[in-house]
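Participant: Dropping the structure in here first, questions after.
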Amino acid sequence: MHEPEASPDLSESALAPGLYLVATPIGNLGDITLRALDVLKRADRIACEDTRQTQKLLNHFQIATPTISCHQHNERQRSIELVEALKAGGRIALVSDAGMTGISDPGAWLAAEAIAAGVPVIPIPGANAGLSALVASGLTTAEFHFIGFLPEKAGARRSRLEALAAEAGKADSARTLIFYEAPHRILETLADLEAVWGPALRVVVARELTKIHEEFLRGTVVEARQDLAARDRVRGEITLLVEALPRTAASGQEGAPLKISDRVALIQAEAGIDEKEALKRLARELGQSKSDLYRELQRERARHKTASR
């Protein structure tokens, strides 16, 4: 591998024109890089996901560069103005509230527009929650898939997880899936993961990365869900990692994934109850609503009917 080059002394030189994609801390302010601070000081303007949030960072490091908003609701319109400034030789730094701009945050559109306009786009590396969680997870880092946030609606979320499970099942080797999740949805997502992959699925819940209350929960999806469900409230930013095994590997594990219809049938056989009561019991076990499970059961049957034609 090549040795890293030493950073040039920019104390007396002007910042080159272009769009600078600057990573900012995800919690600990000490994670800002010297290069990021230099760019933020020398830029003509700083385009921010939230100017109020960025101003706290700038005030801490005594940076007086003017800011302008560039968030998910105005990025396309704002890009027109910013690209014109860049084409005229401007130096603009782009930041999100935390982490690397464009990763589950605004910024990708402006970067693409700047590239299309022939403007230099320069990444300024730094903190990222997904990669930070991955390297400390204990799961494979050889191959990983960053998904970001799952759909908020239960049906769409379940469908997305099913598609990911099907994709992982066809792979030749294990991979780690990386999600971001809101604290008020984490229990629902873990229940969905258990329903799709089975109770033996290995997961890691990384919470409040780089902050005082940083926490890693490593174990099965059942263990993680039970731990979090026992708390009065789940707080903080969450990165969720999932060990996605190929079907050949997963099938050899005790507790391999079962379909909703299989689990309902097992409960019926063991308890001697009808399907309606079995669905109620399974819903309690998974911490989900009976109606969501019923819809999933109907989807499974529809897929089976289509496949058997």
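Please treat every number below as a calculation from the coordinates, not as lab data. As the structure is a computational prediction, the values presented were derived from the model and not from experiment. Heads up, the Cβs are rebuilt from the backbone with ideal geometry, glycines too, and the neighbour counts pull from every protein chain shown.
Participant: Local charge sum around V22 (other residues, Cβ-Cβ under 14 Å, Lys/Arg +1, Asp/Glu -1)?
Facilitator: -1
Participant: Ignoring everything except DSSP H segments at least 4 long, calculate the 222 nm mean residue ellipticity for the chain; use -39,500 (n - 2.57) per segment, divide by total residues, nearest 500.
Facilitator: -13000 deg cm²/dmol
Participant: Here's another thing I want to ask about it. Any idea what the alpha-carbon Rg over 2.2 N^0.38 Å comes to for the stretch 18-127?
Facilitator: Output field value: 0.95.
Participant: Follow-up question, since we're still on this one. Taking H placed 1.01 Å from N in the peptide plane, check which residues at least 5 places from I122 or on another chain put their amide H under 5 Å from its amide H.
Facilitator: L19, Y20, L21
Participant: Under 28 Å Cα to Cα from K276, which lysines show up? Leave out anything in the same chain fewer than 8 places away.
Facilitator: Partners found: K153, K259, K290, K305.
Participant: Mind giving me the nanometre distance, one decimal, between the label points for D38 and I273, set 7 Å out from Cα along Cα→Cβ?
Facilitator: Going from the D38 label point to the I273 one covers 6.6 nm.
Participant: Next up: Using a Förster distance of 25 angstrom, determine the FRET efficiency expected from the C-beta separation of A229 and N28, and round it to 0.05.
Facilitator: E between A229 and N28, to the nearest 0.05, is 0.30.
Participant: Another question about this same structure. Could you give the Stokes-Einstein D for the stretch 131-250 in µm² per second, using the C-alpha Kirkwood radius, 10 °C, 1.306 mPa s? It would help to have the intermediate numbers written out before the result.
Facilitator: Details: Rh = 14.3 Å.
This corresponds to a translational diffusion coefficient of 111 µm²/s.
Participant: Now a separate question. Over its Cα atoms, what ratio of radius of gyration to 2.2 N^0.38 Å does the stretch 91-138 give?
Facilitator: Rounded to two decimals, the normalised Rg is 1.34.
Participant: Something else: Distance from the Cα centre of the stretch 167-190 to that of the stretch 210-241, in angstrom?
Facilitator: Going from one Cα centre to the other spans 14 Å.
Participant: Excluding V39 itself, calculate the net charge of residues whose Cβ lies under 13 Å from the Cβ of V39, where each Lys or Arg counts +1 and each Asp or Glu counts -1.
Facilitator: +3
Participant: For the chain, what is the relative contact order in percent, using Cα pairs closer than 8 Å and at least 6 residues apart in sequence?
Facilitator: Once divided by the residue count of the chain, the mean separation gives 16 percent.
Participant: Tally Lys and Arg at +1 and Asp and Glu at -1 over the other residues with C-beta under 12 Å from the C-beta of I80: what net charge comes out?
Facilitator: -1
Participant: Say R0 is 41 Å: what FRET efficiency, to the nearest 0.05, do A16 and R303 get from their beta-carbon distance?
Facilitator: Efficiency, from the Cβ-Cβ distance: 0.15.
Participant: Out of the stretch 154-226, which trypsin sites (Lys or Arg not before Pro) are coil in DSSP terms and have no more than 12 other C-beta atoms within 10 Å?
Facilitator: In loop regions of the stretch 154-226 (DSSP not H, G, I, E or B), the sparsely surrounded trypsin sites (Lys or Arg not before Pro) are K170.
Participant: Also: Pulled fully out, how much extra length does the chain show between A166 and K56, if you take 0.36 nm times their separation in residues and subtract their Cα-Cα distance?
Facilitator: Length gained between A166 and K56: 35.2 nm.
Participant: Another question about this same structure. Please list, or write none, the lysines whose alpha carbon is within less than 22 Å of the alpha carbon of K211, excluding same-chain residues fewer than 8 places away.
Facilitator: K56
Participant: Out of residues 5 or more away from T67 or on other chains, whose amide H comes under 5 Å of its own, with H placed 1.01 Å from N in the peptide plane?
Facilitator: I46
Participant: Which of rounded, prolate, oblate describes the stretch 260-307, given a ≥ b ≥ c as roots of the alpha-carbon gyration tensor eigenvalues and a/c under 1.5 marking rounded, otherwise prolate only if a/b is larger than b/c?
Facilitator: Cα axes put the stretch 260-307 in the oblate bin.
Participant: Please give the FRET efficiency for A116 paired with R295, using the beta carbon to beta carbon distance and R0 = 45 Å, rounded to the nearest 0.05.
Facilitator: 0.60
Participant: Which value in Å is the Kirkwood Rh of the chain over different Cα pairs?
Facilitator: Hydrodynamic radius (Kirkwood, Cα only) of the chain equals 22.0 Å.
Participant: Give a quick list of GluC sites (Glu not before Pro) in the stretch 95-168 that DSSP marks as loop, anything other than H, G, I, E or B, with at most 11 other Cβ atoms within 10 Å. Intermediate results must be reported in sequence, preceding the final value.
Facilitator: Details: sites: E113, E143, E152, E162, E167; in loops: E143, E152.
Those that pass, being in a loop and sparsely packed, are E152.
Participant: Rounded to the nearest angstrom and ordered from largest down, what semi-axes does the equivalent ellipsoid of the stretch 185-246 get from its C-alpha gyration tensor (root of 5λ)?
Facilitator: They are 20, 13, 9 Å, listed from largest to smallest.
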